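The values are calculated or read from the model by the stated rules, or taken from the named source; none is laboratory data. Because the structure is predicted, anything quoted here is derived from the model rather than measured. Neighbour counts are summed over all protein chains in view; Cβ atoms, including those assigned to glycine, are modelled from backbone coordinates with ideal geometry.
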Amino acid sequence: MALSASPRSRSDRQVRRLLLRAVALYLGLVVVNVTIIGWLFFHQFDQRVIRQKLLDTNAQAESMGALIAQEMGPTGSLDRVRIYQRRKEIREVISEHLAKIQIVESVVVTSMDGTQLFRYERHGTHGGRLDMTRGAFDGTVPPNPDSPPLALPSLGSGASLRMVYPATERVVQVPLPGSLGMLQLGVSPGALGKESARLQREAALILFLSGLVSVLLLIVAFLYVLRLLNRTRRLERDTQKAERLAYVGTLAAGLAHEIRNPLNAMNINLQMLEEDLDDEGAGEETLSILRSSRDEVHRLEQLVKDFLAFARPKSSRKVEMLPGELVSDAVRFIRPQFEAAGVQLDLVQEEGAPVVSVDPSQIRQALFNVLRNALEVSSSGGTVTVRVGATDQGGARIDVADRGPGIPREIRGQIFEVFWSKKPAGTGLGLPIAQRVVESHGGRIDLETSLGQGSVFRFVLPSALSASVETEGAGETA
């Protein structure tokens, strides 16, 4: 019975297309999400930065003004001579504060009537120059601190001296404590823009890292969903397989009673008829037809046996034995079939194979199924090699190697499926039965194949010692 694999292939392709669409939609949503978050974050970013920097500058100006006022007039009145004498201390106060606000380029202090008292210009990132305004002392310095200040030049009725700043500067102006004057900070838009750009780069980096972490978390979540989806698909396939096996078991039970006995009777009758006709000298064509009929009856009987073996596996009666003894019996029993087909069957036993705990009849049946497949894919004059040895992990290994055409990659995952077979007369039960038997013994069947060079079916069975340890451990856990 040969079943086509195309429905499952089409289903797998449809699932892959749906997953690709889901991935594309997911990535599109991620891009849109990042774009929206970036736009919301950077929208009017410059204006917010400028406002915040100006507020910070205003706070620093108030702090600076309080200290400058103490230097200008500790008694509460403006002392111009003290300003001149304390110019070094005033410059240090200004330098210290401007180190915290890099966007300020100049500092100007004026009296309440608008007269400029001094001006500080920043030079580089640190330090600056403090210039005493010529008009404040009329170009002369009092001879000593006790001398009265010189008169300031007249500004006219109601007039005051105002600083004229370039159009490229912003001015932050705060009054000095005690009405001693006004403090004006000249903010350079260029420096403000550089500061804004720096903060924007830092914010962009933080946003990028946050987005990257979010994307990675989403990818992990997406991969976890894919894993759950694949697991769900496997569970669905296992459920379908279990349901199909339950149906096969019910069908096989009925077929066993309805077909097996009539087949045995037909086989016996055909054999007796063949002997009678042979004695009477019947023609070779007639005898050939009878032999073909007997072969078909035998094939149907074997099909019923395979159904029963797969649907109703026998309970295991395990004994401890060397795998070489078990394989030798199986090879000796099946070798005549290989000789009749002109195929050589070799047995190689390596040293170190451990004792295994198995049901000999079940393992032999599994070997027979694999050996028959190897015989069917081997041409006359070919060789099939059975090799017994040990695995690197201390288990037993039984290799069945043929020199057939190999198994194409696209069907390697289907050869152990129930009822799947590419042979016209195949039942699709030989390899599934072998796999079930080996797995029931705690082992597995591995496949190594190469197109044009043949295939190797490897039975891996646990040693009797490790199997007993696992059984004891399971009993203690229970």
Does the stretch 175-192 include one or more residues that are among the hydrophobic types (A, V, I, L, M, F, W, C), modelled with pLDDT under 80 and in a helix (DSSP H, G or I)? yes
Output the number of the condition that residue 326 fails; it satisfies all remaining conditions of (1) modelled with pLDDT of 75 or more; (2) surrounded by 15 or more Cβ atoms within 10 Å (Cβ to Cβ); (3) not assigned by TED's automatic domain parsing to the domain that holds residue 460. (3)
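Yes/no matrix, rows are residues, columns are (1) surrounded by 12 or more Cβ atoms within 10 Å (Cβ to Cβ); (2) at pLDDT below 75; (3) assigned by TED's automatic domain parsing to the domain that holds residue 87:
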| position | (1), (2), (3) |
| --- | --- |
| 9 | yes, yes, no |
| 31 | no, no, no |
| 35 | no, no, no |
| 39 | no, yes, no |
| 44 | no, yes, no |
| 57 | yes, no, yes |
| 65 | yes, no, yes |
| 68 | yes, no, yes |
| 72 | yes, no, yes |
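Yes/no per residue for (1) of a type outside the set (Lys, Arg); (2) at pLDDT 75 or above; (3) assigned by TED's automatic domain parsing to the domain that holds residue 414; (4) surrounded by 15 or more Cβ atoms within 10 Å (Cβ to Cβ):
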site: 220; (1), (2), (3), (4): yes, yes, no, no
site: 223; (1), (2), (3), (4): yes, yes, no, no
site: 245; (1), (2), (3), (4): yes, no, no, yes
site: 253; (1), (2), (3), (4): yes, no, no, no
site: 268; (1), (2), (3), (4): yes, yes, no, no
site: 272; (1), (2), (3), (4): yes, yes, no, no
Quick one: how many residues across the stretch 119-132 are at pLDDT below 85 and crowded, with 20+ Cβ neighbours inside 10 Å? 1
Restricting to the stretch 390-412, and then to whatever is out of contact with any Leu (no Cβ under 8 Å at 6 or more places or on another chain) and of a type in the set (A, V, I, L, M), can you tell me which residue is modelled with the lowest pLDDT? 411
Among the residues of the stretch 370-389, is there at least one that is acidic (Asp, Glu), modelled with pLDDT of 85 or more, surrounded by fewer than 17 Cβ atoms within 10 Å (Cβ to Cβ) and under 25 Å from residue 324 (Cα atoms)? yes
Would you list the helices (runs of 4 or more DSSP H) that sit entirely within the stretch 268-385 and hold 1 or more residues that are among the polar types (S, T, N, Q), touching a residue at least 60 places away in the same chain (Cβ under 8 Å) and touching a helix residue (DSSP H, G or I) at 6+ places or on another chain (Cβ under 6 Å)? 360-377
